[in-house]
Amino acid sequence: MQFGLIGEHLGHSYSAEIHKLLRGYDYRLQELTPWELPSFFQKRDFIGINVTIPYKRDAMRYCEAISPAARSIGCVNTVVKRGDGTLFGDNTDLAGFRFMLKHAQITPEGKHVLILGKGGASLMAQTACKTDGAASVAVASRGEDINLRNAHERCPHTQVIINATPVGMFPHTDVAPLTLARFLELEAVADMIYNPLRTHLLQEARGRGLLRTNGMPMLVAQAKAASDLFTGEPLTDAAVTRVLDVMQKKSNWILIGMPGCGKSTIGAYLAAKSGRKWVDMDDQLLLRHGLTAGDFILAYGEEAFRDAESACIADICRQTELIISTGGGAVMREKNVAALRQNGNLLWIQRDLRYLARENRPLSANNDALVRMLRKREPFYAAAADGIVVHHEDWKRLQAEALDYFCKGGNA
């Protein structure tokens, strides 16, 4: 290959897409075992490569020359074969990391910073924060004096947390390295993970009103810096912004609201207009269990239905670039909201109770019960929603407003 990425597991990577958007050249993903790594570097059958987990340190020993930044950090993520056949190693994660923080208006200068993890990404973040004037930089990792369990006690004045671990990364998206509740002076969280777009850690940061960013800005900016080395022709930061805009819009478009408010009709419309795949959660239940939502509730009860619904949501929402119409009660469970949010923007479709569709909806059949249902669910819709559109029975207007909301990126 001419250009590409090497690592042990690359199923989650967006790097090929990003490099294609940046430059248009062919960029390959190549998974290597530790035993295949020496042979790969001995052949040197590439012009330029990026290196990811777990080979950032190992790659250094195959390079005849190392940049001062990479040597200071202690690992490389970019290797270029020069005209004489020798290999030059650099660390473009440093530029990407700084861009990520600046993009989110997070600054380490004068702040007490806590970095989670001690691998190559952590070494880079430590170097950047110390160089950029952090008041203090602490590192928490399993088995160390400062670890993920006692960090809040050992570093009580932490103002910025940087997650440089893979905890919460696809496919294990239902965990976080720690909870933020005990960090009473916390101002900002930067999570280097970019898949999912919103980890549990970032969802908690969002709920606390903290400055926050995922790792997508870093991924795109470091790719730009690497491509500059590959080609010798620097791009401007405008290229990063352009590609980042494309990548951040991978969020799922998710419709929430009362049963019968029109989520399925709107979802089908959005799919036709955008070319995205549309997933109706009620249809997923039918595919998996052979029962409609109404028949499932009648046969097994609402609690069993909710369990089956949660399982569907957990599976489907690991994907991106979908349009998802949820069941009316999906947001009643906190774990469902977390799963929906990890890769999605949630739009609440508000509709007058008089116009809600009720056919084949056993929970909506009785008007008094429907009123009680709305009163119970309304706070959950409000808490989960990133945006709201009001259904005024003008379908064309409603569909246009929903499409406009999502095309503008929603409120990620």
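Looking only at the stretch 338-355, which residues are over 20 Å from I266 (Cα atoms) and buried (at least 23 other Cβ atoms within 10 Å of the Cβ)? Let's see the steps before the verdict.
Step one: list which residues in the stretch 338-355 are over 20 Å from I266 (Cα atoms), which gives 338-339, 342.
Hits for the stretch 338-355 are A339, Q342.
Report, ordered by the first and then the second residue, all pairs with beta carbons closer than 8 Å, sequence separation of six or more or different chains, a first member in the stretch 358-379 that is closer than 15 Å to T292 by Cβ, and a second member that is at pLDDT below 65 and not basic (K, R).
Between residues of the stretch 358-379 that are closer than 15 Å to T292 by Cβ and residues that are at pLDDT below 65 and not basic (K, R), the close pairs are R358/S364; R358/A365.
For a quick check of your reading: which strands (runs of 3 or more DSSP E) sit entirely within the stretch 118-210 and have at least 1 residues that are of a type outside the set (G, A, S) and without any contact (Cβ under 8 Å) to a residue 40 or more places away in the chain?
Working: elements: 136-140, 160-163, 188-191.
The qualifying strands (runs of 3 or more DSSP E) are 136-140, 188-191.
Out of the stretch 317-331, which residues are modelled with pLDDT of 95 or more and surrounded by fewer than 22 Cβ atoms within 10 Å (Cβ to Cβ)?
L322 - this is the single residue of the stretch 317-331 that is modelled with pLDDT of 95 or more and surrounded by fewer than 22 Cβ atoms within 10 Å (Cβ to Cβ).
In the stretch 87-109, what residues are within 21 Å of I53 (Cβ to Cβ) and polar (S, T, N, Q)?
N91, T92
Just the residues that are of a type outside the set (K, R) and in a loop (DSSP other than H, G, I, E, B), please, taken from the stretch 211-258. Can you show your working first?
Step one: list which residues in the stretch 211-258 are of a type outside the set (K, R), which gives 211, 213-223, 225-241, 243-248, 251-258.
Matches in the stretch 211-258: N214, G215, G232, E233, P234, L235, T236, S251, G257, M258.
Does any residue of the stretch 338-354 turn out to be part of a loop (DSSP other than H, G, I, E, B), farther than 30 Å from T173 by Cβ, at pLDDT below 95 and in the same structural domain as M281 (by TED's automatic domain parsing)?
Taking the stretch 338-354 first, the residues part of a loop (DSSP other than H, G, I, E, B) are 342-343, 352.
Those still in the list that are farther than 30 Å from T173 by Cβ too: 352.
If we keep only those that are at pLDDT below 95 as well, we get 352.
Now drop any that are not in the same structural domain as M281 (by TED's automatic domain parsing), which leaves 352.
Yes; the residues of the stretch 338-354 include at least one that is part of a loop (DSSP other than H, G, I, E, B), farther than 30 Å from T173 by Cβ, at pLDDT below 95 and in the same structural domain as M281 (by TED's automatic domain parsing).
Return yes or no: is G110 farther than 18 Å from C75 by Cβ and more than 22 Å from the chain's Cα centre (by Cα)?
Values: farther than 18 Å from C75 by Cβ: yes; more than 22 Å from the chain's Cα centre (by Cα): yes.
Considered against the rule, which asks whether it is farther than 18 Å from C75 by Cβ and more than 22 Å from the chain's Cα centre (by Cα), G110 comes out as yes.
Yes/no per residue for (1) closer than 16 Å to K408 by Cα; (2) surrounded by fewer than 23 Cβ atoms within 10 Å (Cβ to Cβ); (3) out of contact with any strand residue (DSSP E or B) (no Cβ under 7 Å at 6 or more places or on another chain):
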| position | (1), (2), (3) |
| --- | --- |
| D237 | no, yes, yes |
| V246 | yes, yes, yes |
| K249 | yes, yes, yes |
| G260 | no, yes, yes |
| S264 | no, yes, no |
| G267 | no, no, no |
| K277 | no, yes, no |
| D280 | no, yes, no |
| D283 | no, yes, yes |
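I need the helices (runs of 4 or more DSSP H) fully contained in the stretch 1-115, keeping only those with at least 3 residues that are at pLDDT below 95 and surrounded by fewer than 21 Cβ atoms within 10 Å (Cβ to Cβ).
On the way: elements: 15-22, 37-43, 68-73, 93-103.
Hits in the stretch 1-115: 68-73.
Say whether the condition of being assigned to a loop (DSSP other than H, G, I, E, B) and under 23 Å from F170 (Cβ atoms) is met by at least one residue in the stretch 285-302. I'd like the intermediate steps shown before the answer.
First pass over the stretch 285-302, keeping only residues assigned to a loop (DSSP other than H, G, I, E, B): 290-292, 301.
Checking which are under 23 Å from F170 (Cβ atoms) leaves us with none.
Within the stretch 285-302, none of the residues are assigned to a loop (DSSP other than H, G, I, E, B) and under 23 Å from F170 (Cβ atoms).
When you check T86 against the structure, is it more than 26 Å from A128 (Cβ to Cβ), free of Cβ contacts under 8 Å to residues at least 60 places away in the same chain and touching a Cys at 6+ places or on another chain (Cβ under 9 Å), yes or no?
Working: more than 26 Å from A128 (Cβ to Cβ): yes; free of Cβ contacts under 8 Å to residues at least 60 places away in the same chain: yes; touching a Cys at 6+ places or on another chain (Cβ under 9 Å): yes.
When the stated conditions are applied, T86 passes them.
For the list (1) out of contact with any helix residue (DSSP H, G or I) (no Cβ under 6 Å at 6 or more places or on another chain); (2) surrounded by fewer than 20 Cβ atoms within 10 Å (Cβ to Cβ); (3) at pLDDT 95 or above; (4) more than 24 Å from T241 (Cα to Cα), I need the number of the one condition that A151 fails.
Going through (1) out of contact with any helix residue (DSSP H, G or I) (no Cβ under 6 Å at 6 or more places or on another chain); (2) surrounded by fewer than 20 Cβ atoms within 10 Å (Cβ to Cβ); (3) at pLDDT 95 or above; (4) more than 24 Å from T241 (Cα to Cα) one by one, A151 breaks only (2).
The values are calculated or read from the model by the stated rules, or taken from the named source; none is laboratory data. Remember, predicted model here, so these are calculated numbers, not experimental data. Here the Cβ is made from the backbone with ideal geometry for all residues, glycine too, and neighbour counts use every protein chain on show.
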